[in-house]
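The values are calculated or read from the model by the stated rules, or taken from the named source; none is laboratory data. Remember, it's a predicted structure, so these values are computed and weren't measured experimentally. Virtual Cβ from ideal backbone geometry, glycine too; neighbours counted across all protein chains shown. For accessibility, only protein heavy atoms count, side chains too; no ligands or nucleic acids. Shrake-Rupley method; radii C 1.70, N 1.55, O 1.52, S 1.80 Å.
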Amino acid sequence: MKKGHHHSIGEMITLDQLIKGERARVSTIHTPDHVFKRRLMDMGITEGVQIKIKKIAPLGDPIDIELRGYELCLRKRDLAMIEVEVIK
């Protein structure tokens, strides 16, 4: 998918591939690091939670996301571990 193009509803991708304004539902967190996975879950990134891309830094990293009524700023490489389903 070219940068700046919207994804199809129902498409399975990683969170770092979304563009500003797109929304997705978390499917899985892929990391062998159990401590890091627990940290993401403690921040509210759990299976089924809806996430919206709020802002992307000029060079593409970090990315601000909105979930559960608050915003987080995470590195693109961390978002690449989170598989999501694109929603409306």
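At a glance:
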quantity: Candidate set from region 19-35 (those that are within 16 Å of Asp64 (Cα to Cα) and assigned to a loop (DSSP other than H, G, I, E, B)); member that is least open to solvent (accessible area, probe 1.4 Å); calculated: Glu22
quantity: The one condition in (1) aliphatic (A, V, I, L, M); (2) farther than 17 Å from Lys76 by Cβ; (3) under 12 Å from the mean Cα position of the chain (by Cα) that Ile9 fails to fulfil; calculated: (3)
quantity: Filtered residues of region 1-18 (kept if assigned to a loop (DSSP other than H, G, I, E, B) and open to solvent by 30 Å² or more (accessible area, probe 1.4 Å)); calculated: Met1, Lys2, Lys3, Gly4, His5, His6, Ser8, Ile9, Gly10, Glu11
quantity: Failed condition for Arg38, given (1) open to solvent by 70 Å² or more (accessible area, probe 1.4 Å); (2) of a type outside the set (Asp, Glu); (3) not in a helix (DSSP H, G or I); calculated: (3)
quantity: Long-range neighbours under 8 Å by Cβ, at least six apart or interchain, first residue over 13 Å from Leu72 (Cα atoms) within region 28-48, second among the charged types (D, E, K, R) and not in a loop (DSSP other than H, G, I, E, B); calculated: Thr28/Glu83; Ile29/Lys37; Ile29/Glu83; His30/Glu83; Thr31/Lys37; Phe36/Asp78; Gly48/Arg25
quantity: Selection from region 49-77 of residues that are closer than 12 Å to Leu15 by Cα and either open to solvent by less than 10 Å² (accessible area, probe 1.4 Å) or among the aromatic types (Phe, Trp, Tyr) (or both); calculated: Ile51, Ile53, Ile63, Ile65
